[in-house]
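The values are calculated or read from the model by the stated rules, or taken from the named source; none is laboratory data. Note that the coordinates shown come from a computational prediction; the quantities given were computed from them, not determined experimentally. When we count neighbours, we look across all protein chains shown, and the Cβ atoms used for this are built from the backbone with ideal geometry, even at glycine. Surface accessibility is based on the protein's heavy atoms, side chains included, excluding ligands, DNA and RNA. Shrake-Rupley method; radii C 1.70, N 1.55, O 1.52, S 1.80 Å.
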Amino acid sequence: MVMKLIQLVFAALCLALPCAARTDGCAQMNFSTSCSVSPGKLLVLTQLGDDYLDVFENWYFYANRWVQKDCMQMVVVADDDHAAVKLQRVQKSRKWDFLIASPEGMLPDDSLSFMRWAYGTDTYVKWMARRPAYIERLLEGGCSVLFSDIDVVWRGDVLHEITLLSGASGDMYATLDEISEQSMPVFNAGLVFFQPTPFTNKVVKRWAGWLRKHPNPNQPVLNAILRKEGHEHVKRLIKPKFLDGRASVEDASNAVAVHANYMSGHDAKVAFLKKNSLWSDLPPLDGLPLSGVAAPNGFLTDGFRLNQVLPAAAAFRGQTISSMETKSKGQEKDKPEDKDQEKGKEKGKDKEETKSKDKDQDKDKSIGKGNVAEEDKSEENI
């Protein structure tokens, strides 16, 4: 009883105060500062359906302790109008700082109602197939995006760990599930950092495009594309700091992030998190039921629509935009002969891009054949 009371007091204080030491990640981390959604900041993105609000609140409770608001912005995609209503109430009642993003108008099936579904069901597959489209739009907006499933609990500073790997200057960073029998890495799509580089944009564009046509669990498709495009571009977030649902209580207590996967359904995930002391037990919000909230007349009052995200003003190629601008100021203006050379280069690039598009179409066909024919097999066979 005493421990329960202490937990509740601690949770109440952490609603507004940082309850863990923060590292100076903003100064050390490499990310795009030209994000049209939140200029000068990288985005910490997650996705919520109606009946997982308690899991989202638990995720926010832990992740918020490590998000530095001067250079990071939390964004939650509300997959349906019920989720949007609940998120707005949470914002006001708990005074939590995050943007609500609406996918309205982005995808043909915007009317899905997400209740408590299990892994592998048709609803689950459709929901998971949406995610790459959200990420694609934000990358087009010039944003560096750290996507995290709501069942990934941040026990430590995830972004600091990413910074330790080449200063976060790579294309992508993802948790490593395992190494396949063919000695190929199998990445988990539940925690991935995307930099808006040409490589990442190309991968995510193909990922989102393929799933629009063929709704499937998104992770096998992402791994299939990475194997064809170059998995060496992806930095690995590995054990013992990044664990999954097979982790023991002892291992989880020393991890930076723990993902409640390898289990099906809401109740199983909550039970796993509670068992590993990764459940916040936040004070309940009065008048905020977990299901059955009526849809609002206007979808959002405080947030943005993903289909209205503006394209980036400048390209990001593995260094901060501010660094790029500094370099460009010190360069001499183009000479006339340089401009003629550039025109010649552009013509050559156009031909190369045409050839590249043809190759990409061939790759998409091969991914499609593998996944449709063998979708019930393990992801390394796609």
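Label the stretch 249-289 by shape, choosing from rounded, prolate and oblate, from the square roots a ≥ b ≥ c of the eigenvalues of the Cα gyration tensor; if a/c is under 1.5 it is rounded, and otherwise prolate applies when a/b is larger than b/c, oblate when it is not.
Oblate is the answer for the stretch 249-289, as a/c is 1.5 or above yet b/c matches or exceeds a/b.
From the cross-link list Lys241/Lys269; Lys95/Lys269; Lys202/Lys228, which pairs have alpha carbons spaced over 23 Å apart?
Lys95/Lys269
Leaving out ligands, DNA and RNA, what percent of the accessible area of the stretch 205-294 is carbon and sulfur, probe 1.4 Å?
53
Which number do you get for Rg(Cα) / (2.2 N^0.38 Å) in the stretch 229-273?
Ratio of Rg to 2.2 N^0.38 Å for the stretch 229-273: 1.37.
With the crude spin-label approximation of a point 7 Å out along Cα→Cβ, what separation in nm comes out for Glu178 versus Ser277?
My value for the distance between the label points is 3.0 nm.
Order of 43-49, 55-61, 306-312 by packing, highest average Cβ count within 10 Å first?
43-49, 55-61, 306-312
For the stretch 150-273, just say rounded, prolate or oblate: build the C-alpha gyration tensor, square-root its eigenvalues into a ≥ b ≥ c, call rounded for a/c under 1.5, and beyond that prolate if a/b exceeds b/c, oblate if not.
In terms of gyration-tensor shape, oblate.
Taking each pair of different alpha-carbon atoms in the stretch 147-192 once, compute 1/r for the pair, average those values, and report the inverse of that mean as the Kirkwood hydrodynamic radius in Å to one decimal.
Averaging 1/r across every pair of different Cα atoms and inverting gives 11.9 Å.
Can you give me the % of accessible surface on the stretch 160-203 that is carbon or sulfur? Probe 1.4 Å, all protein chains present, nothing else counted.
53
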